Protein chains: 4
Amino acid sequence: MLRQKLNPRAKSEINSGFGANSSNYGGRFLDSRGLPNVKKTGIGFFQRISWYHFLLQLSSGKFFLIVISFYLVVNMVFGSIFYLIGTQVFGAIETYSQVLDYWEAFFFSCQVFSVGGYGLVSPENMFVNSLCAIEAFLGLLSLAVVTGLLYGRFSRPKAYLKFSNNALLSPYHGNKAIMFRVAPIKNTSLTNAEVIVTLGIITEEDGKMVNKFYQLPLEYESVGSLSLNWTVVHPVTESSPFYVFSKEDYRNIKGEIIIVLKAFDDMFSNTVISRKSYSLDEVVVGAKFLPMYKRALGGERTILYLDKINSYEEV
Amino acid sequence: MLRQKLNPRAKSEINSGFGANSSNYGGRFLDSRGLPNVKKTGIGFFQRISWYHFLLQLSSGKFFLIVISFYLVVNMVFGSIFYLIGTQVFGAIETYSQVLDYWEAFFFSCQVFSVGGYGLVSPENMFVNSLCAIEAFLGLLSLAVVTGLLYGRFSRPKAYLKFSNNALLSPYHGNKAIMFRVAPIKNTSLTNAEVIVTLGIITEEDGKMVNKFYQLPLEYESVGSLSLNWTVVHPVTESSPFYVFSKEDYRNIKGEIIIVLKAFDDMFSNTVISRKSYSLDEVVVGAKFLPMYKRALGGERTILYLDKINSYEEV
Amino acid sequence: MLRQKLNPRAKSEINSGFGANSSNYGGRFLDSRGLPNVKKTGIGFFQRISWYHFLLQLSSGKFFLIVISFYLVVNMVFGSIFYLIGTQVFGAIETYSQVLDYWEAFFFSCQVFSVGGYGLVSPENMFVNSLCAIEAFLGLLSLAVVTGLLYGRFSRPKAYLKFSNNALLSPYHGNKAIMFRVAPIKNTSLTNAEVIVTLGIITEEDGKMVNKFYQLPLEYESVGSLSLNWTVVHPVTESSPFYVFSKEDYRNIKGEIIIVLKAFDDMFSNTVISRKSYSLDEVVVGAKFLPMYKRALGGERTILYLDKINSYEEV
Amino acid sequence: MLRQKLNPRAKSEINSGFGANSSNYGGRFLDSRGLPNVKKTGIGFFQRISWYHFLLQLSSGKFFLIVISFYLVVNMVFGSIFYLIGTQVFGAIETYSQVLDYWEAFFFSCQVFSVGGYGLVSPENMFVNSLCAIEAFLGLLSLAVVTGLLYGRFSRPKAYLKFSNNALLSPYHGNKAIMFRVAPIKNTSLTNAEVIVTLGIITEEDGKMVNKFYQLPLEYESVGSLSLNWTVVHPVTESSPFYVFSKEDYRNIKGEIIIVLKAFDDMFSNTVISRKSYSLDEVVVGAKFLPMYKRALGGERTILYLDKINSYEEV
């Protein structure tokens, strides 16, 4: 039944990597972040994680929380040891208060760890000497690691693109077309953008449910400069898998429009990638996008209204 | 009328990304720096800016001004707090002068921030201890950030090319050609240079003004080694959009010759990009470039005169 | 004789770089790590080694062992010199114990080296002053070097793939095919994977033994997203070099199936590479892989069982 | 006359970037390091130099000499100022010796500059305070710069290849061929090597001397793995520019065989490039290379003799 909804003339020969047997594959192909919706198991957690990938993907807030927590934990550990040894070994004033003594030990540790030196050569207590030398060494290594991580985070190629929340089924040259739009949101200069749009759909074939993938032909598959918004258009022609879809089919059939957009970031000479996935029920049937850029008043500039990226009117 | 000026045989099928409706697009396509002449609005300033892109693009002078200002501001803030707490907590000599006291606090802060240690474990004042620990931690993070930014600035792929100020319409094999030239100015070794030249022009079509983009065919679109100057030549043949242009048309018609030059920087194995845009009134009609390199006196070397890049004679 | 085992219709025109004369080439083409099985000689050790390649390839454990050893050795050297000069020059308390004096000197050196300052301006002993200045300078340089090495190690493109331990000769559409599988094991997002599979084999030609290399045609040579396992399939058709192989031939003939897999790491926008080599006696004749992914219980996710990558059943 | 020496059937259509008019171009096209033999002039020295390219290309010895010199010069400058102010301001012991006083000031500066802190808050002398704050700030910036430069030097893609000193004109399948060889010398893993060989020659055309460039067709233009030596072969067929060359022509005619070799460094996933240029009088006529690799004694390994790269015998 579902099989008949799909245009039999549309060609599906993509090796998508998501497998063909839909009874083995559960849920959406890509999750909301555009990452594969797959959970790995069978080997240990530490073999399954790349810390560098993890730390570079984190939001800035979480990243700094981890850095600060690391700083506090290290100093609490060393501070506790210094406290147990006795604060007088590093020349602190005796306070007759355990709490104050602990804080003195903690802040002494901070000073050693933060590459600040410690002005201490205590002949009596070799253990304290070793501890200080180890903590200072650890501090230097941590500085090196954090420097590397920060640079890794800064320099990670990022596309800074915004996609419209919905794809539309719009009138197009007397026919229909699936459209969505994308715009650059930051002070970057993206050129030679290329987009590949794939339809992933679960359908019946030879009596069993299979995943099928169709690459959707586009009006333009590339654009010279991604300066304004780019409306990507898939005309629903006779060779489109959507050719025989009714309005209800978009709501009822489970499928995803998967988008991979590559562009060249002029400033760093590297390629940036952005992914997006619209499920079929995110396709608005019978609507068209409203313009989102306009000549500035003086006439010498163009203004791109990023808040209008989701503006459409029904037709 | 303008429509007739453009050679109807010239093909325009480029999806430039600047849109087709010229009544929406204002001013030049690219600004003087080769960046799109578009202003973004509709989302907050902080969502619209990539600080890393901003800081890497800044001139060296402005970048160091920002770094120094940051150093001063941080130390003024911490210095003020130290001053308010009282300078005696970090062992300063009492001066009975508020100005001197403030400076003592300021310079104490400098010392803590610049990863210099502070030799202070004050049992009385936990607040000062915390402040010092925080400032030292901040100092380390700032060192890591500045290291990353400096390396990012150093290693950013840059082309170091100089384009001639004008394009020329020169005689060429009994016909005419649009020419401009470009030369490497620094101690880099650029190879496999490729250039794409596009004409962007505003013209009338079906009664409304549209932006049209034409890729201009070139005599050579690539060069093996960018060691001397490269004169890029677009012959004005029957398929050129300039075929029916008169001398006045270059002055009166609004259009831009947009150049994208990619080359391979041998030393870093990366691709560098340079952009340039000549408006049509920057085309000098009836002139030809004078040679800008010459065999050195001894005969064993070649000298490239970079100050002659704009030298031409009228013909 | 061996010559007849190889399908004469299979084409071998690859310039593999391993040379044609098999009597000069010894052992496997690639060693277990996928690196060429070649020993270089004839030039000095230091000309033959790239320290950066060496230090970036090391396991984390060995790398930190080297860093720690370097820290200890430097401080033992400087510590010894400080000890010989006499510990009193840097203000240490006299201990009347040679061992304690040495440790004082060692830990003083640690403090100077670990960018910690030394609070010493000794007018009497210029040699100590110089030593401290040199060691502090060395400490800074070491910090810079270790920062660079750590970042180099972090950011080195790595594929994090696991190949099945064996290749299988499985039934395939009424015929046979050589199959192996590969799966991503970490939290990376690999796309556009491409694989090239080459058979390297020693055979007789014109009376002498030669190395021959055949590129094996595959069912799919690329996959859009490497999210689940990918089973790479070489159908044994009439044009395959394996067409006339018997079961025993796989055990007796010396040959290697060499795999090069390239993929695009979305997160860093770079290309990662993985290599693997199966010798022919690692091909299991008459077996097929068992599925290694399954829809999760809730149905909204897919689970990839990485411990099942080597699971097959005989057929 | 020279014109007749060149095979008129050989095609020369390369836009080499060295210009066509040989009376303007002096000496070899590329110098001994493979860089263009061009001197730039006409703009200021500082506009003509990219310091980053300069510092990354320097030999390690010269680079560290510059770093050490910078360290010494900065400390001599600050040391001199501290000396002029008077050493007592930073708590030095009075020595009644100008030389010792200067050294005290110098080493105090070293300590401040090397991120070591200075333990000084002098209420009397604001100028010394500022000086220390500035020098400490400068020290931190220098650390950041040197870290970036060192990493830039480490991570710069380098090919580590050795070319034979001479190209040979050897017998080849009953005909002749120009051959040279190249071998990897370090612990890198280079794959997918590609070579482009160009002949640059000065010849007479239409009565004036011109530079002509011919791309030389090769037996193999690429090799899968650069593990052993690679002998690059240009067969001298009817379409080769060398077809009508006599033995003397190689000695008398001025020309260069320019080689560009690109390979993929597996370990860093980047492209490395190596250049080499043989002048025609470096072609040995009538010789062939001797083998430079051999099966190891045990038979399980292959040994590449890098000292034999220049070994050939006359034929």
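Read-outs: derived from the displayed coordinates by stated rules, not from any lab. What you are looking at is a predicted structure, and each value in this text was computed from that prediction instead of being measured. Here the Cβ is made from the backbone with ideal geometry for all residues, glycine too, and neighbour counts use every protein chain on show.
For this structure, a couple of remarks:
- Label sites at B:E282 and B:E205, each approximated as a point 7 angstrom past Cα along Cα to Cβ, lie 2.5 nm apart.
- C:L218-A:D31 FRET efficiency (beta carbon distance; Förster radius 35 Å; 0.05 resolution): 0.75
- Cα centroid separation - the stretch D:281-315 against the stretch C:149-197, whole Å: 37 Å
- Relative to the Cα centre, the charge distribution of the stretch B:106-230, modelled as +1 at Lys and Arg Cβ and -1 at Asp and Glu Cβ, gives a dipole magnitude of about 420 debye.
- For the set A:K294/B:K208; B:K162/B:K294; A:K162/A:K288, every pair lies no more than 20 angstrom apart at their alpha carbons.
- Cα-derived Rg over Rh, computed across the protein assembly as shown with Rh taken as Kirkwood radius: 0.99
- Dipole of the protein assembly as shown [Lys/Arg +1, Asp/Glu -1 at C-beta], most positive-end residue of D:V146, B:A263, C:H173: C:H173
- Counting only Cα atoms, the stretch C:239-315 measures 47, 34, 24 Å along its principal axes, largest extent leading.
- 37 °C / 0.692 mPa s Stokes-Einstein diffusion coefficient of the stretch A:169-315, Kirkwood radius on C-alpha pairs, µm²/s: 194 µm²/s
- Principal axes of chain D: Cα extent on each, largest first, Å: 91, 63, 34
- A Gaussian network model of chain D, with springs between Cα atoms under 10 Å, assigns the largest mean-square fluctuation among D:V182, D:V73, D:V38 to D:V73.
- Nm distances between copies for A:L72, ranked from closest, using label points 7 Å along Cα→Cβ: 3.5, 3.5, 4.9
- Measuring gaps between exposed loop sites in chain B (GluC sites (Glu not before Pro); DSSP loop; at most 12 other Cβ atoms within 10 Å), the longest gap, sites not included, is B:125-237.
- Farthest toward positive dipole pole in the stretch B:188-315 [+1 Lys/Arg, -1 Asp/Glu at C-beta], among B:V244, B:V195, B:S274: B:S274
- Efficiency of FRET between D:R156 and B:L84 - r from beta-carbon atoms, R0 45 angstrom, step 0.05: 0.35
- Using a simple spin-label model with pseudo-atoms 7 Å out from Cα toward Cβ, C:V77 and C:F64 lie 2.5 nm apart.
- At 7 Å out from Cα toward Cβ: A:N166 inter-copy label distances (nm, ascending): 5.6, 5.6, 7.9
- Magnitude of the charge dipole, chain B, Cβ model with Lys/Arg +1 and Asp/Glu -1, debye to 20: 1080 debye
- Near D:G255, the amide H atoms lying under 5 Å from its own belong to D:L280, D:D281; only residues 5 or more places off or on other chains count, and H is placed 1.01 Å from N.
- Relative to the 2.2 N^0.38 Å rule of thumb, the stretch A:234-282 has a C-alpha radius of gyration ratio of 1.62.
- For the stretch B:233-283, a simple Cβ point-charge model (Lys and Arg +1, Asp and Glu -1, everything else neutral) yields a dipole of about 100 debye relative to the Cα centre.
- Comparing A:L100, A:L58, A:L280 in a Gaussian network model of chain A, where Cα atoms under 10 Å apart are tied by springs, the biggest mean-square fluctuation is seen for A:L100.
- Cα Rg, Dmax (largest Cα-Cα span) when computed across the stretch D:123-218, Å: 27.6, 92
- For chain B, the relative contact order is 21 percent, taking Cα pairs closer than 8 Å that sit 6 or more residues apart in sequence and dividing their mean separation by the residue count.
- Exposure proxy ranking, count of Cβ atoms within 10 Å, fewest first, for B:D101, B:D249: B:D249, B:D101
- Ignoring aspartates and glutamates fewer than eight residues from D:K254 along the same chain, the ones with Cα atoms less than 17 angstrom from its Cα are B:E300, D:D31, D:E204, D:E205, D:D281, D:E282.
- Pseudo-label separations to other copies for B:T271 - Cα-to-Cβ vector, 7 Å, nm: 0.8, 0.8, 1.2
- Residues B:F113, A:F289, D:F64 in ascending order of nearby Cβ atoms (within 10 Å, fewest first): D:F64, A:F289, B:F113.
- Antiparallel %, DSSP beta bridges [both residues in the protein assembly as shown], to 5: 90 percent
- Relative exposure of A:V283, D:V145, judged by other C-beta atoms within 10 Å (fewest first): D:V145, A:V283
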